[in-house]
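Trainee: Here it is, the structure in full.
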Amino acid sequence: MKTSSLILALTLVASTQIMKAEEGNSLLERQMKILAKGTRQLSQQVTDTAQQQSSIDLIEKLKKAVQDSKSIDPRMVETIPAADKAKFLTDYRAQMDMLSDAFTKIEDAVKAGNYAKAKSLLSSVNAIKREGHEKFKQD
């Protein structure tokens, strides 16, 4: 009886901690996780001709995540002086547009069967992501 009560109590504590961790992820953080995971997956499969349609579908998912992210203000905006917020958000949205354009170029290359070009264009996505993290990610 004591063992089952202890297991139940531990399960409740663990599930509460998981729920709190999930609540801590903002909508933007969830979109960024989709982008990170999807970009990794795309880099592994983009040159595989047998996965062309899968790559196109994945790119569409990534472009949607970018568009969804573009409509969400980063948490960092709360720490920006009021006078600088508009410029910060304009720059943020321009960065997201650059990312979307990069995915569109990759998609065009995949659709054309130019897998080597698609693979090389992925480096531009990584550069845009790095630059965005430096400018817009709160530590």
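Trainee: Suppose each label sits 7 Å from its Cα in the direction of the beta carbon; what would the THR47-SER120 distance come out to in nanometres?
Mentor: Each label point lies 7 Å from its Cα, and together they span 1.3 nm.
Trainee: Same structure again: When the distances between all Cα atoms of segment 26-136 are binned every 10 Å from zero, what whole-number percent does each bin get?
Mentor: Final binned percentages: 15, 46, 26, 10, 3, 0.
Trainee: Still on this structure: Net charge within 9 Å of TYR92 by Cβ-Cβ distance, Lys/Arg positive one each and Asp/Glu negative one each, not counting TYR92 itself?
Mentor: Result for the neighbourhood of TYR92: +1.
Trainee: Moving on. Please compute the contact order of segment 26-136 in relative form: average sequence separation of alpha-carbon pairs under 8 Å and at least six residues apart, divided by the residue count, as a percent.
Mentor: Numbers: 92 pairs, mean separation 34.8, N = 111.
For segment 26-136, the relative contact order is 31 percent.
Trainee: VAL77 to ALA36: FRET efficiency via 1/(1 + (r/R0)^6), r the Cβ-Cβ distance, R0 22 Å, to the nearest 0.05? Walk me through the numbers on the way to the answer.
Mentor: Details: r = 21 Å, r/R0 = 0.96.
The calculated FRET efficiency here is 0.55.
Trainee: Please compute the modelled spin-label separation between LYS85 and GLN138, points set 7 Å along Cα→Cβ, answer in nm with one decimal.
Mentor: Reported label-point gap for GLN138 and LYS85 is 1.3 nm.
Trainee: Moving on. Can you list the HN-Hα couplings for segment 124-131, worked out from phi with the Karplus curve (6.51, -1.76, 1.60; θ = phi - 60°), rounded to whole Hz and with x for Gly and Pro?
Mentor: Per residue, the Karplus-derived 3J(HN,Hα) values read 5, 4, 4, 5, 5, 5, 4, 4 Hz.
Trainee: Lys and Arg at +1, Asp and Glu at -1: add these up for the other residues within a Cβ distance under 10 Å of ALA109 and post the number.
Mentor: Surrounding charge for ALA109 is +2.
Every number in this text was worked out from the coordinates using simple rules, so none of it is lab data. In this text, all values refer to a predicted model and were calculated from it rather than measured experimentally. In this analysis, Cβ positions are derived from the backbone assuming ideal geometry, glycine residues included, and neighbour counts consider all displayed protein chains.
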